[in-house]
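Take a look at the structure set out below.
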Amino acid sequence: MSGLSPKLQPVFDGVKARNSNEPEFLQAAEEILHSLGPVVEAEGGDKYIAVTKALFEPERVIQFRVAWYDDAGELQVNRGFRVQMNSAIGPYKGGLRLHPTVNLSILKFLATEQVLKNAVTTLPLGGGKGGSDFNPKGRSEAEVRRFCQAFMGALARHIGPDTDVPAGDIGVSGREIGYLFGAYKRLTNRFEGVLTGKGPTFGGSLIRPQSTGYGVVMFVREMLKVKGDTLEGKVVVISGSGNVAQYATEKVNALGGKVIALSDSKGILVDEEGITDKKLAEVMDIKNVRRTSLKAYTEKYSSAKWTDFSEQYTDEDKKANPLWEIKCDVALPCATQNELNAAAAQALVDNGCTIVAEGANMPSTPGAIQILRSAKVAFAPGKASNAGGVATSGLEMSQNSQRLGWSAEKVEEELDKIMTRIHADCVKTAKAYDRPGDYVFGANVTGFLKVAEAMLAQGLA
């Protein structure tokens, strides 16, 4: 990626010098700065240069030891993190990720994306991210519980309902949130909305597990509406098979589309007949109850095809994940960062895909984004299209503050309003800067301006 505004190149050079060993964070920073050129070059835009310098420096980074005992009685030690990136418009808000790849570069990139994502929701939420290099896969229920209790023992002093409100992410589902909340309650003797994604019996919001997946499809619905089209009859390919992919599939089905492929870390599942709600129930049982590979789906539905695949290609590779070589109308990358590379994007273009909307955080590489935009494929970045999860977390915080629980219908209605508004704001901002249809630009600038004005009003606090 090249061509930064001359006014912002020194900013990126400074970020790069201070964070030279953090490629994911630098990728996120550069992508955002590319969008901000027209903002700083406009009349009166110089005031935003100082904001960009502050935006990419976390307000606080916390790193801590997580010591716990496995089932064999052996001491295990992991690293825990919390990046409290920006609180200009509200308390830090963002998920906790449990995965062996977790490091500061990944968490700082996620936290930076979270700042702008939370801003575009129009809810009063700052941005943060955290997690650990602990891998819950293959661990017993008791081991996961002991780890979560140890993790919260170190984190509890740094969070609170008006300070920092974590949620789930990769490796952290309702089970882990429950253990974390129980540990926090025992440590502090307080029952408060310190975490979102809680179970409905102890302060969680209905629709929260569905919200990211529902939200990305609601955003796609609005993208199609601009084209005078709908999801009815559209063929959809989705990466991943966790919460986001599962509920995106459910919402696609509800709107008349047909999902023909999902994936996990072991490979790719293709069902040309469509993954109906009945078949989706099998996917949910495989991933949420049995916690095993999607390959088990083919044992029940023999017409489906399974391909072993666990590679991740970069823009320099001429190979693509076979998932993205499947002919489709809409592609939803919902698994992990940088999963869709340039070769994959070209395959989507060649096969006639017209919409790509990110359900994960930064799943598309810079090369992929460039190819999609050059080919006039409507491309929605995660900070806009996957904002449904944090939006519903904000709604959960509101319910906790009110000591009320809303109906599923009310939560989904509010989520739909938020996703529709995010889409409209992205379109409006892009048009205002003569960049019609550029959702990346619209999302980055919409979020940045809200955060920037708050930072300037508070003396860059």
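The values are calculated or read from the model by the stated rules, or taken from the named source; none is laboratory data. Small disclaimer: the values here were computed from a predicted structure and weren't measured. Cβ: placed from backbone, ideal geometry, glycine included. Neighbour counts: every protein chain shown. Accessible surface is based on the protein model in full, side chains and every heavy atom, while ligands, DNA and RNA are left aside. Shrake-Rupley method; radii C 1.70, N 1.55, O 1.52, S 1.80 Å.
So what J values fall out for segment 62-79 if you push phi through Karplus, 6.51 cos²θ - 1.76 cosθ + 1.60 with θ = phi - 60°, rounded to Hz, Gly and Pro as x?
Coupling constants for segment 62-79: 10, 10, 8, 7, 10, 9, 8, 10, 7, 5, 8, x, 8, 6, 10, 10, 10, 9 Hz.
Sorting check: for 88-98, 170-180, which peptide has the highest mean count of neighbouring beta carbons within 10 Å, and how do the rest follow?
Descending mean neighbour count gives 88-98, 170-180.
What is the spin-label model distance, in nm, from Ala281 to Tyr433 if the labels are put 7 Å beyond Cα along the C-beta direction?
The two pseudo-label positions are separated by 4.7 nm.
Do any GluC sites (Glu not before Pro) in segment 310-360 lie in a loop, going by DSSP, with at most 12 other beta-carbon atoms within 10 Å of their beta carbon, and if so which?
Hits after loop and neighbour filter: Glu311, Glu316.
Any idea of Met362's accessible area? Nearest 10 Å², probe 1.4 Å.
Surface open to solvent at Met362 totals about 20 Å².
Can you compute the modelled spin-label distance between Asp71 and Arg18, with each label point 7 Å from Cα toward Cβ, in nm?
Result: 4.5 nm between the two label points.
Sequence-distant or interchain residues sharing an amide H contact under 5 Å with Val172, placed H: which?
Under 5 Å from the amide H of Val172 lie the amide H atoms of Leu98, each far enough along the sequence or on another chain.
Could you tell me the calculated FRET efficiency between Ala424 and Lys227, based on Cβ-Cβ distance and R0 = 22 angstrom, to the nearest 0.05?
0.90
For Ser241, list long-range residues whose amide hydrogen, built 1.01 Å from N in the peptide plane, is under 5 Å from its own amide hydrogen.
Amide H to amide H, under 5 Å and 5 or more residues apart or across chains, Ser241 pairs with Ser263.
Excluding Ile159 itself, what net charge comes from residues whose Cβ is under 13 Å from its Cβ, given Lys and Arg +1 and Asp and Glu -1?
That sum, taken over residues with Cβ under 13 Å, equals +4.
Could you list the residues of segment 427-461 with an amide nitrogen less than 14 Å from a label point located 7 Å from the Cα of Ala50 in the Cα-to-C-beta direction?
Those under the cut-off are 452-461.
Return the whole-Å distance between the Cα centroid of segment 11-73 and the Cα centroid of segment 274-294.
One Cα centre to the other: 37 Å.
List the residues whose amide H sits under 5 Å from the amide H of Arg60, counting only those 5 or more places along or on another chain, with H placed 1.01 Å from N in the peptide plane.
For Arg60, whose amide H was placed from the backbone, the distant partners under 5 Å are Gln84.
When the label point is put 7 Å from the Cα of Ser374 along its Cα-to-beta-carbon vector, which residues of segment 1-41 have a backbone N closer than 18 Å?
1-4, 31
Would you mind calculating the relative contact order of segment 138-217 from Cα pairs under 8 angstrom and at least 6 residues apart, reporting the percent as a whole number?
29
Which of the GluC sites (Glu not before Pro) found in segment 58-131 are loop residues per DSSP with 14 or fewer other Cβ atoms within 10 Å of their Cβ?
Qualifying residues, ordered by number: Glu74.
Would you please name the chymotrypsin sites (Phe, Trp or Tyr not before Pro) within segment 262-308 that are DSSP coil residues with at most 16 other C-beta atoms within 10 Å of their C-beta?
Passing sites in segment 262-308 are Tyr301.
Using θ = phi - 60° and the Karplus relation 6.51 cos²θ - 1.76 cosθ + 1.60, list the HN-Hα couplings for segment 304-321 in order, rounded to whole Hz, with x at every Gly or Pro.
Values, residue by residue: 6, 10, 10, 10, 5, 6, 9, 7, 9, 9, 9, 5, 6, 6, 8, 9, 10, 4 Hz.
Please list 3J(HN,Hα) in residue order for segment 435-440, calculated via the Karplus relation 6.51 cos²θ - 1.76 cosθ + 1.60 where θ = phi - 60°; whole Hz, with x for glycine and proline.
10, x, x, 8, 6, 4
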